[in-house]
Every structure is written in structure tokens, then in C-alpha cells.
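A short worksheet on the structure shown next.
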Amino acid sequence: MAKIKHNNFLDTVDEVFSEAKHHGIIHLYAEDNVFTGRKIRVMQKDLYHFGTTGYLGLEQDRRLKEAAIEAIFKYGTQFPLSKSYISNPLYRHLEEKIALMYNAPVIITKNSTLGHMGVIPGVVEDKDAIVLDHQVHWSVQSAAKMLKTRSVPIEMVRHNHLDMLEDKIKKLSSRCKKIWYMADGVYSMYGDVAPMNELMQLCNKYPQLYLYLDDVHGMSWIGKHGTGYVLSKLKELPENVLLFGTLSKTFGASGAVAVCTNRKRYHKVKNFGGPLTFSAQLEPASVAAAIAAADIHLSPEIYELQADLSERIRLFNTLLTETELPLVEQNNSPVFYIGTGMPITGYNFVNRLMKEGYFVNLGLFPAVPVKNTGVRITISRHNQEEEIKSLVEAMVYHYPKALADTYTTPDKVRVAFQLPVLDTVPKKKILTEVHIEYERSIQGIDKEVWNRLMGKEGVFDWEGLLFLENVFTDNNRPENNWTFHYLMVKDQENHPILATFFTIALWKEDMLAPTSVSTQLEEIRKNDPYHLTSQVLSMGSPFTEGQHLYLDRSHPHWQLALTQLLDKMDELGLQSDTNMLVLRDFEKDEELSQLFHQQGFIKIMMPDSCKILDLSWNSISEYPASLSARSRRHFRKDIQPYEDRFKVVCLHQPDQDHLDQFYELYKNVNSHNLALNMFTLPKKLFTQMALHPHWEFLTLYLKAEFNDTNEEIPVGVMFCYKNMEVSYTPAFIGMDYQYTNEHQVYRQLLYQTIKRATELGFKSLDFGMTASFEKKKVGAVIIPKMAYIQAKDNYSMELMGAIE
């Protein structure tokens, strides 16, 4: 089975954050000597603070500060002992007050991250299952995934897709005791909320369903006693709902709180909760500040504070409705999100606002999909009416300039967020330096020009693409009908700067996912063949491999040409309602990687490409000398001794019986290769190969004395394309696994392909992707490849292997 290097999530995030840091957006230091909450000093400039999560401003309340100071003098800076032995004297008072707020038993934790790590493994039993909303906070996802070691099923659904959740419940209900759906009450980026009424209806319909809700961003600013968004909808907490709130952020102090009305569950976590047992407890100052904050929450004052904040939120909402700014979610939460689409537009917009005197946050991957980058603005009681109004004025002025600077439009952003487009004509910079030419068939492009730019490798010379167009049209199954799109960007003198082609085709969303993921999904697809499949606009095609992009980097306008290409991709993706855009088969290139990221793409690793770049020996007898010493030993041990077991036949127009045999051999390999999980190619393809002069079938027949049938039988076949006498391309392979190991069929096929390419006088051989270890042993050069993907949501990107 092919081995693929799957992506390291932290490496991906590191690249994203490094780019944002380079633009002065994140990892900044405040420079204030004194904080008031209204302003924050950054890079020697005082900015109005629209980035806090202290929505009520309690962190600056004198009562909390005095309580914290007094506690330090009474109890010291810390109470260095595990709570399992003994708690700080103030803890009992805090627990009693928080329990009074919720009218339920509570567990105080150091913070919500450690809280989830302590609670989730305790409440989720081995016979339970977990279903994660894809946008649930990272701390919940991280804690839940620890349970994989206990074989607890962990599924994921698209954000707030309750129909998908219901499907998971049905699937898991027969083998799991409880099914825990984990979500946020208020989501930290867009400010959108969990659909509590619908979730409770599902709980009533499916008694196995339990809810684990992180409501830290819903805390204090709403609900009775400030207990948050979830309880503002539920009124009281049922036993099948476990709730997490915060004592930091808008509560004003530090720590977090788990609320659990099921006594057995509560005592289990209270007795032993991992980091709740072994980690340090909250410092006395934090506990005292939290007690002071709880007193405020238990008094009528909390409703005055909520109303005061609500007035500011209402003002901001009103002002935004009078603009054309793309507010992603309008509700009564203090979290607002103005979409920018591409990261580069977000960098530009945030920097403009900071220069105008406003501190805001940029929503970045992985908190949001890359193409859903935007500015997160939070409203607090610190913000006064005049700066709220002036912030809106600054955004109205700078937003279109940020779009123009980065060659995008309001409607392009709105489409990315599935918002209604504007009636006005979008203003966009007109590029006079370059222009794009677009065709739907290779027949619309001059053969000589295409082959000069693109036709020197793989199966995408002019003739090869015409062949593919004929094969992948007018088929019965949707996965076998592709549309082809050819693009060429030229300068004012009509010289090509860029050339490429795309296909829109149905992909399995786990095509590049770990084999373990695809194995599970293929079981589901036995009954639902199109489960988790979607239309993808991809550079190249599912059939082709190689350098699908010609780009003249010496041309002064090559970056403009690339921008034109990406704009056309967006247009095609929108017209066809594709779920994902893919730029693929690139070698390591930091400049391109940065450019693609700025345009909203995330880099993922692809299977390595394998090529023999030089077939210049005079005869195949010289071939072993070209190998390394280790590979020569492999050749003499695992290839040369087996050659006489086979009759090698190169067929150009095989009859139907042969084609039937070859197709079965191909399907054997395709079903085994879940590391590159693709749909089975149609039989029509192989029939058309037999009629095309550039294709041949390099076939291994196992001789009669080496099998039980007493006759020669086909056990392996390479489907090879002859590219303009430049490159020999074994595009696909078929094998009979009954004989593969005993007779070294795969290795023999590799060698016979090299032998055939040498006989025909080709200069190079393109072995394509996967099985790089075996191909390296026969002399192939291993070339790491990567792709850049942009999806509608992070759920699709996770399945494609972009994130964990």
C-alpha cells in the first residue's frame, strides 16, 4: 500500500501565524504603564481597544482589584498544594456563590483548557461516543481526542449542521451507550450561537444524546445572574447537558467552571479529574476577585451592566446596517466579524485600522477557514459612543481601499461567506498589463503553443488532453463526467506568461486523508457510494500528474498573471458550486507558498513524485550500473532472478477479452490504494486507450510452470502513455495480488517499464506518485510534491489532510 507523508497540523499553523506576525498582526506586546480598558498602547501608539473579551469591563472594577490585593496580603501570591489534599480557604466561598448563580453543583478549574482535559475523560465512558461540531473551541477538540486511546468513537460534523448530527446519532446509537455532542454556546469568531431549541428537540427525540457545551463567550453579558447564553435559552440545566462557563474573560477574574446537575457524574469528576487533581489551584488573588465578581452577578447590578453593554451592541449593529460592510453574523452578542476573504486583504485592513487608531483582531486559520479570514471586533462597556461611531466611519473608508489594494471585490468576499451580493457594480482595479484567455476544450488552443509550454510530461500534451476530454464526457456515473477549463494569461505583446488547465470533477473528500479515515468511509460508501463526496475545481485532473502550471517567473508581471488565474478560479468555482479549489503538484517554493496563502490557500503534502530523469544509457544492459550500490543489490536479488518467470508482451490494440482482464487487474490495485483514495476509473477509458496510438499495454504473463492453471496468465499490466517521444508515462497499474509477493510482480513491472522506455528511445520516465520507496530502488528520483487547497469549511480541509 502506498505510503503518504500526512500533514503536520502545527507546521501548517506555524506558517500561517508566521505570515501574520510578519505583517504586524499577531504576537504583539502592549506597552501601557496603566490599563483602563478603553485604550491599549501598541507600537508607541494609543489605540481604542476593540479586541477585549472582557465585555462588561469587570477586570477594571475597583471591588475586584481590592479583593485580589487583600487576598495576596492574607494568603500570599499562591497556595502551592493540590486541591485533592486541601483548598485555599477562599475556595469554599467561591464554589458556594457560583453554585448559587447556576442553582447546580459546580467544579472550579484553573482555566477552561485544563477543565476540559479534566472533565471530558471523566464523563465520557468507554461505551460512549463523541460528535464534535467542527467549530467547537480547540480546547474541547483537543481534550476529546485524548479519548481515541480508549477507542471511544470520535466523529465530526459541519458547523451547526443538525441533519448531519442526526445521521451520526443514527449510526452510533446501536453500538454506543451515550452520544455526546460537543459545541460552543457562543462561537468566539463570528459571534454566532448554538441552535439550542433544535438541539433540545433532538435530545427529546434521541434519549442517548447528551450535550457538552462550552459557553465561555456567552458568560456574564446575558442570562439570569449572568450565567450565559445557553441558560438564557434553557432556563435550567437538565441532567443530559454539561455546561462550561468562565471566571475570566467577561466575568473579570480568572478560572473556569463546570456545571453538572447529575450528581454521580459530578462526584466522579470532583474526586479525580486529571489536571484538576494534579495541577496547581487558582491563586488566592484570582479566587478573591472571582468572589467579588460573583457578588456582582448575584445582585441586580448585573442586569444594569448587561443593559449598558446591550446599548453599545445595539448602536454598533445599527451603524453597521447603514453600511455595505459584510457583517457575517448579526445578533445581540458582543462579537462581530467583518469578512475580508483573503488573508492578504485582512492584513491590509487591520493595518489600516491600527494606523487610524483602532485595535482589532484578525480571524485566522485554523479558527476560521483560510478563505473566511476577517476582522473580529468586540464591543465592551469600555467603548464609548464616539469611538464606536468613528470606528465604523474608518471601516467604511478603509475597507474598499483594502479590497482594491489586494485585487478583490466586495462581492467576492460576500460569496466566500455566503452573504447576499451587492446590487452595485463592484469596483476593481483593471489590469491592463495582462489579459486572460479561456477555452473549454483543448481544440480551442494552438497545438504547437500548448505543447511548447505544457506538453513535455505526463498525459497532458495536446493529444493527451483531447483523449481525456473524449473519455470523461457522456458517461452514466457522475464521477466520470468532468468539465475541462484551459487558461492562458498573456501580456500586451500577446506573449504567454502563464498556462494551465483545470477540471471540475467529483472527488472523495478523503482523497489525501490517512488510510484509517478512508477505510472507515469506504465501509459507509458500500451503502451510500457518494457519502462525503463533492465537486472540486482542481488544477490538472484526477487522471494526470506532473507540473500542471507553466509560469514565466522572469516576466515582470508574473504575479499579476497569477492573480488573474486565481480570480478566474473563483469565478469558475462559484458558477459550478464547487466545495473546494485545489492547486496541485508543486515542488517546494516559499515565494509561491506565501502568495497562495495570502490568497486564501493552505498547503498540504501530496504523495512524492517519482521520475527517472535520464535514460541516456546505450542499452538496458548499462542500466544496473546507473544504480546505487544498494539498489544494484536489490536489482540482482529481487528483480533479475524473476525476469524469466514472465513473458512480457506490449499490446497496442488488445481485444475485448484482454481489456476485461486488464480492467479487473486495475480494479484490484485501485481498491487497495486507499492512501490516494479515488473513484474507480470507467471501463470506457481503457477501451479508448486501445484505440489511441499514444497508449500501450505493457503486460506481464506468468509462465505456465509458475502457476496452477498450466497456461500463461496475465498478472500485471502497466498502462503507458508515449508523450511526443520525450517522456514515457506509466499512468496506471493493474496486478493480481495472488501472485504479487511470490513472484515480485510489482518490481518486475517497474523494471520492464524502464526497459521498454529505453527501447523506445525516450529521454525520461515519469513513474508518478505513491510507492516512492519501491521506485527509488529502481533508480527513480523522489520529488516531494504539495498542493494548495481552499475549501468552504475546515471540515473538508480536515478530510483532505490539511489539518488534524
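Observations
- Unique match (being within 23 Å of His531 (Cα to Cα) and in a helix (DSSP H, G or I)) among Met156, Met164: Met164
- In the stretch 579-593, residue farthest from Thr770 (Cα to Cα) [restricted to those that are under 17 Å from the mean Cα position of the chain (by Cα) and of a type outside the set (Ser, Thr, Tyr)]: Asn579
- The residue pairs whose first member lies in the stretch 393-421 and is among the basic types (Lys, Arg), whose second member is open to solvent by 30 Å² or more (accessible area, probe 1.4 Å) and not in a helix (DSSP H, G or I), and whose beta carbons are closer than 6 Å, counting only pairs six or more residues apart or on different chains, are Arg414/Val421.
- Residue selected from the stretch 708-731 under the condition at pLDDT 90 or above and over 40 Å from the mean Cα position of the chain (by Cα), by the criterion farthest from Asn470 (Cα to Cα): Glu711
- Looking only at residues in the stretch 452-499 that are assigned to a strand (DSSP E or B) and of a type in the set (Ser, Thr, Tyr), the one that is least open to solvent (accessible area, probe 1.4 Å) is Tyr486.
- Here Leu47 meets each of (1) more than 30 Å from Met786 (Cβ to Cβ); (2) open to solvent by less than 60 Å² (accessible area, probe 1.4 Å); (3) part of a loop (DSSP other than H, G, I, E, B) with one exception, condition (3).
- The stretch 372-415: number of residues that are more than 22 Å from Tyr187 (Cβ to Cβ), among the β-branched types (Val, Ile, Thr), modelled with pLDDT of 95 or more and in contact with a helix residue (DSSP H, G or I) (Cβ under 8 Å, 6 or more places away or on another chain): 2
- Residue count for the stretch 336-355 satisfying the condition of being closer than 17 Å to Tyr48 by Cβ and in contact with a Phe, Trp or Tyr (Cβ under 7 Å, 6 or more places away or on another chain): 2.
- Out of Ile291, Ile302, sole residue that is of a type in the set (Val, Ile, Thr), closer than 29 Å to Arg376 by Cβ and at pLDDT 95 or above: Ile302
- Where a residue in the stretch 692-717 is within 17 Å of Leu760 (Cα to Cα) and of a type outside the set (Lys, Arg) and its partner, wherever it lies, is assigned to a loop (DSSP other than H, G, I, E, B) and open to solvent by 30 Å² or more (accessible area, probe 1.4 Å), with Cβ under 9 Å and at least six apart: Pro693/His652; His694/Met724; Trp695/His652; Glu696/His652; Phe697/His652
- Any hit, the stretch 98-110, residues being farther than 27 Å from Pro195 by Cβ, assigned to a loop (DSSP other than H, G, I, E, B) and touching a strand residue (DSSP E or B) at 6+ places or on another chain (Cβ under 8 Å): yes
- So Phe35, is it within 17 Å of Lys249 (Cα to Cα) and surrounded by 20 or more Cβ atoms within 10 Å (Cβ to Cβ): no
- Scoring Thr432 on the criteria (1) under 19 Å from Asp567 (Cβ atoms); (2) crowded, with 16+ Cβ neighbours inside 10 Å leaves a single failure, condition (2).
- Filtered by the rule that a residue be open to solvent by 50 Å² or more (accessible area, probe 1.4 Å) and not in a helix (DSSP H, G or I), the stretch 641-691 gives Lys647, Val648, His652, Gln653, Asp655, Thr680.
- Filter result for Gln748 (at pLDDT below 90 and buried (at least 22 other Cβ atoms within 10 Å of the Cβ)): no
- Residue in the stretch 57-83 that is farthest from Leu237 (Cα to Cα), counting only those that are open to solvent by less than 70 Å² (accessible area, probe 1.4 Å) and assigned to a loop (DSSP other than H, G, I, E, B): Gly76
- Any pair with Cβ under 6 angstrom, 6 or more apart, that starts in the stretch 739-765 at a residue that is under 17 Å from Ser621 (Cβ atoms) and among the β-branched types (Val, Ile, Thr) and ends at one that is part of a helix (DSSP H, G or I) and open to solvent by 10 Å² or more (accessible area, probe 1.4 Å): Thr758/Ile620
- The residues of the stretch 230-257 that are open to solvent by less than 20 Å² (accessible area, probe 1.4 Å), aliphatic (A, V, I, L, M) and in a loop (DSSP other than H, G, I, E, B) amount to a single one, Leu247.
- Applying the condition of being charged (D, E, K, R) and in contact (Cβ under 8 Å) with a residue 40 or more places away in the chain to the stretch 197-244 and asking which residue is nearest to Ile98 (Cα to Cα) yields Glu236.
- Residues (surrounded by 18 or more Cβ atoms within 10 Å (Cβ to Cβ) and charged (D, E, K, R)) located in the stretch 700-745: Lys722, Asp736
- Any hit, the stretch 553-575, residues being at pLDDT below 90 and hydrophobic (A, V, I, L, M, F, W, C): yes
- Top-ranked residue of the stretch 258-273 - restricted to ones that are open to solvent by less than 20 Å² (accessible area, probe 1.4 Å) and in a loop (DSSP other than H, G, I, E, B), ranked as nearest to Val106 (Cα to Cα): Cys260
- Qualifying position, being in contact with a helix residue (DSSP H, G or I) (Cβ under 8 Å, 6 or more places away or on another chain), assigned to a loop (DSSP other than H, G, I, E, B) and at pLDDT 95 or above, among Ile169, Ile222: Ile222
- Just one of the numbered conditions (1) touching a Pro at 6+ places or on another chain (Cβ under 8 Å); (2) assigned to a helix (DSSP H, G or I) is not true of Gly122: (1).
- Evaluation of Pro121 against (1) surrounded by 17 or more Cβ atoms within 10 Å (Cβ to Cβ); (2) in contact (Cβ under 8 Å) with a residue 24 or more places away in the chain; (3) under 30 Å from Leu305 (Cα atoms) (one fails), failing number: (3)
- Residues of the stretch 468-484 that are closer than 12 Å to Pro542 by Cα and over 28 Å from the mean Cα position of the chain (by Cα): Leu468, Phe472.
The values are calculated or read from the model by the stated rules, or taken from the named source; none is laboratory data. Owing to the predicted nature of the structure, the values given are computational and were not obtained by experimental measurement. Reconstructed Cβ throughout: ideal geometry from the backbone, glycine too, with neighbour counts over all protein chains shown. Note: accessible area is taken over every heavy atom of the protein model, side chains too, but ligands, DNA and RNA are not part of it. Shrake-Rupley method; radii C 1.70, N 1.55, O 1.52, S 1.80 Å.
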